[in-house]
Amino acid sequence: MNIADIMTIIGFIFVTVILLVLIVMGIYLYLIDRSQKQHPVLRNYPVIGRIRYFSEKIGPELRQYFFNNDNEGKPFSRRDYQHIVRKAKYKRDVIGFGSQRDFEEAGFYIRNSLFPKLTEELKMDHDTRVATYRYLLLKDPLFMDREEKLEKHESEAYLLSEEDAIVIGEKTTHPFIVRGQIGMSAMSYGSLGEKAITALSEGLGIAKGTWMNTGEGGLSEYHLKGGVDIIMQIGPGLFGVRDRDGNFDWDELLEKSKLPQVKAFEVKLAQGAKTRGGHIDGEKVTEEIARIRRVEPYKSIDSPNRFTDFSDIPSLFGFIDQIRQHTGKPVGMKIVVGSPDEADELARSIRDLATGPDFITIDGGEGGTGASYQELADSVGLPIRSALPLIDEALKKYEIRDQVKIIASGKLFSPDRVAIALAMGADLINIARGFMITVGCIQTLKCASNACPVGVATTDPELQKALVIDEKKWRTANYVITMRKGLYRVAAAAGLDSPIKFNRQHVVYKDEKGKIEHW
C-alpha cells in the first residue's frame, strides 16, 4: 500500500469521525432543545433556532462595524468616536471634502465674526510647551496593516494666560487655580481598572493645567501617579472617607486634604445617567478596592441615592461649609437639574444663606455611567444644553454668579461642543467617555459586567493586560492638548482672543425650517 492510499484512508477516517461527532452533537442538542421550556423558538425549531440567538448576540458588533452609517451609532457614532481617536492618536483632527452634519436638522451653531482673531492676537500662555508622542500615518492600504511611526512631538500647551486663570474658591485658604478649561469627569477606581486610571492620570499630568475627578469610589494611589490636580468626590456611600461602621470619618478627610494634589472636594448628589446612588458588582470589589473604599471585599456595593446626613438645602450647605472649614479647600456639588424651579431655589438659597458651594458641576442626562438603569438613563434629568442655562440664569438673577463656578458635563467631547457649553454659562468642562476612548474603549457597552475586552472598565488582571500604560498615556495627553487648541481655534473664529469670553451672544439656534433664534 502506497502513501497516497494511506493518506486517503486517514482522510476518510478523519472525515467520518467529524461527521459522527457532528451527528451526535446534533442529536444531543435536538433532544435538549425539544425538552427545554424556556425558549419557544428552540422548542419548535431545535438546533436551527440557535442561529437566531447567535445572530442576536453578535448584532451590536454587526451594526457597529457594518450596518450603522457613520452618524448613527449610540451613545457615540462612528464619526464621533473617530474624531476622539484622531485627536488622541495623531494629535490632529483634520477632515477632507466637507462636514457630515445634517444641516437640515435643528441645532446650535457658533456665531462667527467677520474679523476673526489672528493667532498672534490670541491671549494665552505661549511659553509653556508639552512634549508628547504621536503617530504619523505613512500608509493605509486596504488589505494590509497600516504603516505608522511613533514620533516625539512638542507643542504649546494651549493654556489660559495667568491673568485669565479660573479661580475656584477665592475666599478659601487654598483656592484651586485652573489654567485649562477641560478636565476629566468623575470615574472611580473600581469602575475602571488600575491601568486605565494610571494611564489617565499620567496623561493628564503630562498635558498640564487640567484636573482629574476621582469619582465616588475614593482616592487611590493610581489617581495620584501622574501628579495631576485632583478633585476628590464624596458620594452618598462616603467611600474613602468612612469608618468601619459607614459613618463619615472627619480625620480621614483631613488626611486626604493634606495631599498637595488634592485641590478641591465635590459632594455628589446625582449623576446624569443615574439620579441614584452608585453600584459596583462584587466581582469588581477586590481587596485593594475594598481597602480604598473602606468596604468588605467581593461584595456588591450600592450607595444610597442620597446622603443620610441631610435632606434639604440648608443642611446640605452646612455639610459643605463644614468640609470647607475642616480642609481649607474649595468644595462643590454635583447635580442633575430637573426644572427651572429647582435651579431658582438653589440660587436663592445661596444668596439668602450666604453660604453654599464654591462650584456646581452640572451633569446632563446624556452623561455616561458604568452601571445604571434604562429608565433613569433615558428619562430622568435634563440634558446639559437645557440644564446649564437654567443654573447660569438663576445665579445671575440673584447676583451671585461671580461667587460660584460652573462645571458642565454630558457628551462635550469636541471643541465646538465645549465652546457652546461655555457660551451657555459654563466656566469649565468635564469629559469622561472621551477620555475612556483615549485609553482604548471601543464601546462594547460591557462596563457593568467586568468583562471589558480592552481592559478599561474592568478590574480583571487578565483583561487589563490589553492596556499598555506607556502607550495610552500619550493619547490622553494629546487629546487634552488638541481639544484646548481646537477651543482656541473656535474662539478665534468667533472674534474672541480667549475662550473664557464666550457668552450667549456667540451661539445661535437654527430650527428645521432654517429660522434663527439668538440664544
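The values are calculated or read from the model by the stated rules, or taken from the named source; none is laboratory data. Predicted model only: the values in this text are computed from it and were never measured. Positions of Cβ are generated from backbone atoms using ideal geometry, with glycine treated the same way; all protein chains shown enter the neighbour counts. When the accessible area is computed, the model is the full protein with side chains, heavy atoms only, and any ligands, DNA or RNA have been set aside. Shrake-Rupley method; radii C 1.70, N 1.55, O 1.52, S 1.80 Å.
Summary table below
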{"quantity": "Residue in the stretch 399-412 that is nearest to TYR81 (Cα to Cα), counting only those that are crowded, with 23+ Cβ neighbours inside 10 Å and of a type in the set (A, V, I, L, M, F, W, C)", "calculated": "LEU412"}
{"quantity": "Residue count, the stretch 155-166 (criterion: surrounded by fewer than 15 Cβ atoms within 10 Å (Cβ to Cβ) and either in contact (Cβ under 8 Å) with a residue 12 or more places away in the chain or touching a helix residue (DSSP H, G or I) at 6+ places or on another chain (Cβ under 9 Å) (or both))", "calculated": "1"}
{"quantity": "Whichever residue in the stretch 106-154 is open to solvent by 100 Å² or more (accessible area, probe 1.4 Å) and among the aromatic types (Phe, Trp, Tyr) and, among such residues, is nearest to VAL85 (Cα to Cα)", "calculated": "PHE143"}
{"quantity": "Elements of type helices (runs of 4 or more DSSP H) in the stretch 389-466, at least 1 residues being within 21 Å of ILE231 (Cβ to Cβ)", "calculated": "415-423, 433-438"}
{"quantity": "Unique residue being at pLDDT below 95 and touching a His at 6+ places or on another chain (Cβ under 9 Å) when the list is ALA423, ALA448, ALA457", "calculated": "ALA448"}
{"quantity": "Filtered residue count, the stretch 405-431, keeping only those that are touching a Gly at 6+ places or on another chain (Cβ under 6 Å) and at positive phi", "calculated": "1"}
{"quantity": "Among the candidates LEU259, LEU254, LEU238, residue that is aliphatic (A, V, I, L, M) and modelled with pLDDT under 95", "calculated": "LEU238"}
{"quantity": "Residue in the stretch 472-495 that is open to solvent by 30 Å² or more (accessible area, probe 1.4 Å), part of a loop (DSSP other than H, G, I, E, B) and at negative phi present", "calculated": "no"}
{"quantity": "For ARG101: the one exception among (1) open to solvent by 100 Å² or more (accessible area, probe 1.4 Å); (2) out of contact with any helix residue (DSSP H, G or I) (no Cβ under 8 Å at 6 or more places or on another chain); (3) among the basic types (Lys, Arg); (4) assigned to a loop (DSSP other than H, G, I, E, B)", "calculated": "(1)"}
{"quantity": "Selection status of GLY215, closer than 20 Å to TYR479 by Cβ, part of a loop (DSSP other than H, G, I, E, B) and modelled with pLDDT under 95", "calculated": "yes"}
{"quantity": "Residue ID - nearest to the chain's Cα centre (by Cα), chosen from residues in the stretch 455-471 that are open to solvent by less than 30 Å² (accessible area, probe 1.4 Å) and of a type outside the set (Gly, Ala, Ser)", "calculated": "VAL456"}
{"quantity": "Within the stretch 138-173, tally of residues that are within 27 Å of the chain's Cα centre (by Cα), closer than 30 Å to GLN325 by Cβ and part of a loop (DSSP other than H, G, I, E, B)", "calculated": "2"}
{"quantity": "Lone qualifier among ILE289, ILE335 - being within 24 Å of LYS446 (Cβ to Cβ), out of contact with any Pro (no Cβ under 6 Å at 6 or more places or on another chain), open to solvent by less than 50 Å² (accessible area, probe 1.4 Å) and among the β-branched types (Val, Ile, Thr)", "calculated": "ILE289"}
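Conditions (1) buried (at least 17 other Cβ atoms within 10 Å of the Cβ); (2) assigned to a loop (DSSP other than H, G, I, E, B); (3) in contact (Cβ under 8 Å) with a residue 24 or more places away in the chain, marked per residue:
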{"site": "GLU296", "(1), (2), (3)": "no, yes, no"}
{"site": "PHE310", "(1), (2), (3)": "no, yes, no"}
{"site": "GLN322", "(1), (2), (3)": "no, no, no"}
{"site": "THR355", "(1), (2), (3)": "no, yes, yes"}
{"site": "GLY365", "(1), (2), (3)": "yes, yes, yes"}
